[in-house]
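Here is the structure we will look at.
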Amino acid sequence: MRKIHIAIDLQNDFISGSLGTNEALKIVPNAAKKILSHKGDIIATFDTHFEDYSDTLEGKNLPVIHCVRSSHGWNLNSEIENALISHGNYTTCEKISFGSLDLPSLVKKTAGEEEFEIELIGLCTDICVVSNALILKGAFPEVNITVDASCCAGVSTETHNAALQTMKMCQINVINEKN
């Protein structure tokens with residue numbers, strides 16, 4: 001069975017930049033270790049905005065400029081980037097919203113004709129991780145999808161935990177959850 005690992009938005013702005021949190025900083029070593037130990041394919045997503053971010057609906061609701069394409073904040077955290085480079089077998093997916101409707105076709109292309117399972121890590125649990133997990137569950141209802149909570153962080157502990165509960169209710173496996 002092919003194992004596809006998806007690293008969601010492990011970018012500077014979500015870790016140490018304009019939307020960074022201590023919780024996000026804390027998961028970087030676990031996420032890098034997970035990437036390095038993964039034996040299969042990895043897809044790394046990039047939250048991607050442009051100079052007109054403030055004029056978008058998201059920008060009006062979240063008036064913090066972040067992940068502007070090709071900026072330092074848009075780039076991957078250096079520890080994550082080094083892990084991906086060392087792993088070697090990864091592709092990238094830019095997404096302009098919380099969830100990517102292109103991600104299921106990229107997963108299918110990566111898997112080819114083989115049966116596969118998916119594991120997600122990344123940021124933010126309560127926004128982009130849950131959005132992509134639910135899109136993938138909708139696209140692949142019979143595929144085993146797992147989220148490693150030790151490699152995820154949310155906007156707050158409460159919303160992180162709420163997102164994990166939502167995913168569990170939708171038959172997405174959650175592992176390494178703190179009690």
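Give me the dipole magnitude in Debye, nearest 20, for region 1-98 about the Cα centre, with unit charges on the beta carbon: positive for Lys and Arg, negative for Asp and Glu. Intermediate values should be presented prior to the final figure.
On the way: 9 positive and 12 negative charges, 124 e Å.
Dipole about the Cα centre, nearest 20: 600 debye.
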So, over other residues within a Cβ distance under 13 Å of SER97, counting Lys, Arg +1 and Asp, Glu -1, the net charge is -4
Around ASN161 (Cβ within 10 Å, Cβ-to-Cβ, excluding ASN161; K/R +1, D/E -1) the net charge comes to -2
Candidates HIS66, HIS160, HIS38; GNM for the chain (alpha-carbon contacts under 10 Å) flags as most fluctuating HIS38
One quarter of the C-alpha convex hull surface, i.e. the mean projected area of region 93-140 in nm², amounts to 3.3
Too long for a 24 Å Cα-Cα cut-off, among LYS34/LYS60; LYS34/LYS108; LYS108/LYS178; LYS60/LYS108, are LYS34/LYS60; LYS108/LYS178; LYS60/LYS108
Region 1-74 and region 103-159 have their Cα centres apart by a whole-number Å value of 14
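What is the sum of charges around ALA7, taking Lys and Arg as +1, Asp and Glu as -1, for the other residues whose C-beta is under 13 Å from the C-beta of ALA7? Working shown, then result.
Working: positive: LYS33, LYS34, LYS95; negative: ASP9, ASP41, ASP47, GLU79, GLU81, GLU119, ASP148.
Residues near ALA7 contribute -4 overall.
How would you rank HIS49, HIS5, HIS72, going from fewest to most other Cβ atoms within 10 Å of each one's own Cβ? Mind showing how you got there, number by number?
Working: HIS49 21, HIS5 25, HIS72 11.
The most exposed by this proxy come first: HIS72, HIS49, HIS5.
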Among ILE8, TRP74, GLY40, the residue whose Cα sits farthest towards the positive end of the charge dipole of the chain, when +1 is placed on the Cβ of each Lys and Arg and -1 on the Cβ of each Asp and Glu, is GLY40
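Using unit Cβ charges (K, R positive; D, E negative) and no other charged atoms, how large, in debye to the nearest 20, is the dipole of the chain about its Cα centre? Before the final figure, lay out each step's value.
On the way: 14 positive and 23 negative charges, 78 e Å.
Taking the Cα centre of the chain as origin, the dipole is about 380 debye.
Any idea what the relative contact order of region 2-175 is, in percent, if you count C-alpha pairs under 8 Å spaced at least 6 apart? Please report the intermediate quantities before stating the final value.
On the way: 322 pairs, mean separation 49.3, N = 174.
Relative contact order, region 2-175: 28 percent.
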Note on region 2-175: C-alpha Rg/Rh, Kirkwood Rh, two decimals, gives 0.94
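Bear in mind that the values in this text are calculations on the coordinates, not laboratory data. The shown structure was predicted, so the numbers you read here are calculated from the model rather than taken from an experiment. Please note: Cβ atoms are built from the backbone with ideal geometry, for glycine as well, and neighbour counts cover all protein chains shown.
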